[in-house]
1. Please report, in debye to the nearest 20, how large the charge dipole of region 75-134 is about its Cα centre when each Lys and Arg carries +1 at its beta carbon and each Asp and Glu carries -1 there.
2. Using a Gaussian network model on the chain with a 10 Å cutoff between Cα atoms, which of Leu16, Leu140, Leu117 fluctuates the most?
3. About the Cα centre, and with charges only on the beta carbon of Lys, Arg (+1) and Asp, Glu (-1), how big is the dipole of the chain? Nearest 20 debye, please.
4. What ³J(HN,Hα) values, in whole Hz, does the Karplus curve 6.51 cos²θ - 1.76 cosθ + 1.60 give for region 46-52 when θ = phi - 60°, with x put for Gly and Pro?
5. Between Ile145, Ile73, Ile47, where does the largest GNM mean-square fluctuation fall for the chain, given springs only between Cα atoms within less than 10 Å?
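Every number in this text was worked out from the coordinates using simple rules, so none of it is lab data. Quick caveat, the model's predicted, so the values are computed rather than measured. Here the Cβ positions follow ideal geometry from the backbone for every residue, glycine too, while neighbour counts run over all protein chains shown.
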Amino acid sequence: PGSAEAWLELSWSGELEDPGNLVIQGPGGEVLETYVDPRKQTAGARILGGGIYELLREDEAESHLLDPSFLKISQNYPNPFNPATRVDFELRSHQRVRADLFDLRGRRLRVLLDETLSPGQHTLRWDGRDERGREMSSGLYFLRIRSEQKTRSLKMLLIR
């Protein structure tokens, strides 16, 4: 089955020297045909599926394609969540990736992933449980994703 086409619109704030130089980069690193409206401070493109899309200057998009250590993660969805959430991330090369979950005190609660992954889109899921399978209480949790050369982290809110 084919993917349905959709319109994606991204916005920016603040002054830009040359908004016409903006492009939307898709999940596979492809630069999409981008329509920029400097007055509304938006850029839009037709897309064919989900994944992580990013608004960049044209020269930044090209440099991301060349960076083999590239690691991009999206905010978990849903957030806040109950009982489970997911995090999408993207790699540009084969890399060992580890994803650890921490509480507010910095204690590691669970290793969600520790393996070598191929380039492309990946998804982590967390069921709101610790390493022993116990349900965690409502609160703020931190996810740290480390590849061989990059580290990214985000906050996730669990509401029971």
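1. 200 debye
2. With Cα springs under 10 Å in the chain, the top fluctuation among Leu16, Leu140, Leu117 is at Leu16.
3. 1220 debye
4. 7, 10, 10, x, x, x, 9
5. Residue with maximal mean-square fluctuation among Ile145, Ile73, Ile47: Ile47.
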